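**Student:** Take this structure first; my questions come after.
Rule-based calculations on the coordinates, nothing more; no lab input. Since we're looking at a predicted model, the values are computed, not measured.
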Amino acid sequence: MAFGVGAVGCVGVLVAAFFGVAILVVSRLGKSSSGSSGGDSSGQTEPAGGRQQAPSEGSLKDLARTQVGPYKLVSAGHPDLPDSLHDGLTDNLGLIYQGAGAKVDHVLLAYSSAEQAARVCSVMIQVLGEKKSVRKLSLSNQGVHIGDMAVISGGASELVLWNDKNLCLQASAPPTHAFTFAKDVPY
């Protein structure tokens with residue numbers, strides 16, 4: 001018996017594989033360097049803090065902070081990404097932060113356009129949020145929409161995905177730490 005898989009299904013599988021690989025790669029970087037259920041719930045509240053638009057130019061290394069709230073940068077590197085995420089990708093960076101009794105894995109993906117970054121984040125939210133609680137937020141700066149955020153929770157970890165201009169960003173950590181990190185990061 002044969003089963004057909006559509007293009008969206010293939011992309012979804014590859015995106016899910018990417019985050020599994022990215023989290024493993026970022027976790028290994030740290031070891032080598034430093035020794036509502038199933039549905040969406042929407043909210044209009046944006047994370048507090050000094051949220052600004054991400055810059056359109058420059059290296060992601062320039063964007064990385066050594067300290068984000070209580071979390072201190074302990075490792076940085078480039079995660080291996082599946083080919084499906086390379087279309088329009090201009091830069092990527094994996095970071096590990098420690099603080100407040102938790103480790104936060106942070107992946108930054110820069111694309112050639114805001115539309116591509118939003119599309120990648122949207123597919124990741126759809127695939128990774130399946131059968132988990134998803135809370136969606138709108139990000140704005142002085143009333144101007146600058147991106148969207150989704151908090152995916154369920155189990156021992158929390159995943160936050162957001163886009164801002166040409167960036168698709170991810171933070172994963174034990175519950176509440178990923179969201180705390182995401183609302184404290186300035187981009």
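**Student:** Under the rule a/c < 1.5 gives rounded, and otherwise a/b versus b/c splits prolate from oblate, where does the range 56-166 land using the Cα gyration tensor?
**Tutor:** Here the range 56-166 falls in the rounded category.
**Student:** A further question on this structure: Between residue 62 and residue 83, what length comes free when the chain is fully extended (0.36 nm per residue of separation minus the Cα-Cα distance, one decimal in nm)?
**Tutor:** Numbers: separation 21, 0.36 × 21 = 7.56 nm, distance 2.50 nm.
Length gained, residue 62 through residue 83: 5.1 nm.
**Student:** Would you give the gap between the C-alpha center of the range 71-109 and the C-alpha center of the range 135-164, rounded to a whole Å?
**Tutor:** 17 Å
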